[in-house]
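Read-outs: derived from the displayed coordinates by stated rules, not from any lab. All figures in this text were calculated on a predicted structure; none of them were measured in a lab. Here Cβ is always computed from backbone atoms with ideal geometry, including for glycine, and neighbour counts include all displayed protein chains.
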Amino acid sequence: QQQVKQSPQSLIVQKGGISIINCAYENTAFDYFPWYQQFPGKGPALLIAIRPDVSEKKEGRFTISFNKSAKQFSLHIMDSQPGDSATYFCAAKLDSGYSTLTFGKGTMLLVSP
Amino acid sequence: DVKVTQSSRYLVKRTGEKVFLECVQDMDHENMFWYRQDPGLGLRLIYFSYDVKMKEKGDIPEGYSVSREKKERFSLILESASTNQTSMYLCASSTLQWDYEQYFGPGTRLTVT
């Protein structure tokens, strides 16, 4: 019930294409959904986050779409660039007390030139 | 610029050795976390701390312990290292208020032979 399921495990997209990474959760008590980006040799860094009271959030080329009824959320990277090649993690957080993040297993994105 | 530093980037230890992994943050954050990252398994929480001398078990605490004697420092201890503890270890910190935004260190790749 605490899991966040992420797919695909890896993704290859051509430069200029759209990268789409999907996540699903079961626990309806999750109340915050961040995405993290990790480049090789670095720790993950917060990319963008959304609360379930909005259906979409956009920051530059990165958009989170949220479907509360389906308990799914996704990251879209528009006009994907080779510099976007990284591992992406979705996560979920309970909005209560000393809550921690539950991470998906990650998606390794390669944007080919 | 915010910073989380980890004492070593690479570490090689022998089975049965006691191993200390140190993490320091300079952001005056209340929360600190230890994760391990393995291919295909994503980020798994080992322990976290929301205050000095406080610690909470994460999802995989077996074989590990932690120490937080000062606010800025959080140590992960492997009492008797085993080969199945070979992994990348990531430390992170966050404020109490914005606890979904975790700042990660660069990681320590530990090999136990």
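Structural remarks
- Classification of the stretch A:25-107 by its C-alpha gyration tensor yields an oblate form. The axis ratio a/c (a ≥ b ≥ c) is 1.5 or more, and b/c is at least a/b.
- Comparing B:45, B:76, B:90 in a Gaussian network model of chain B, where Cα atoms under 10 Å apart are tied by springs, the biggest mean-square fluctuation is seen for B:45.
- Links that overshoot a 30 Å alpha carbon limit, given the list B:3/B:57; A:93/B:18; A:5/B:53; A:105/B:13; A:68/B:55: A:93/B:18; A:5/B:53; A:68/B:55
- Top positive-direction residue, dipole computed over the stretch A:11-113 with Cβ charges, set A:66, A:99, A:17: A:17
- Counting every other Cβ atom within 10 Å of each residue's Cβ, A:20, B:60 order from fewest to most as B:60, A:20.
- Counting beta carbons within 10 Å around each of B:101, B:79, B:62 and listing the fewest first gives the order B:62, B:79, B:101.
- With the convex hull drawn over the C-alpha atoms of the stretch A:10-55, the volume per residue is 127 Å³.
- Counted by Cβ distance under 9 Å from residue A:102, the other residues give a net charge of 0, where Lys and Arg count +1 and Asp and Glu count -1.
- Base-10 log of normalised Debye intensity for the protein assembly as shown (one unit scatterer per alpha-carbon) at q = 0.07, 0.12 Å⁻¹: -0.22, -0.65
- Cα shape, chain B, gyration tensor, a/c 1.5 rule: prolate
- Convex hull volume per residue, computed on the Cα atoms of the stretch A:68-108, equals 101 Å³.
- From least to most packed, judged by other beta carbons within 10 angstrom and beginning with the fewest, A:76, B:29 follow the order A:76, B:29.
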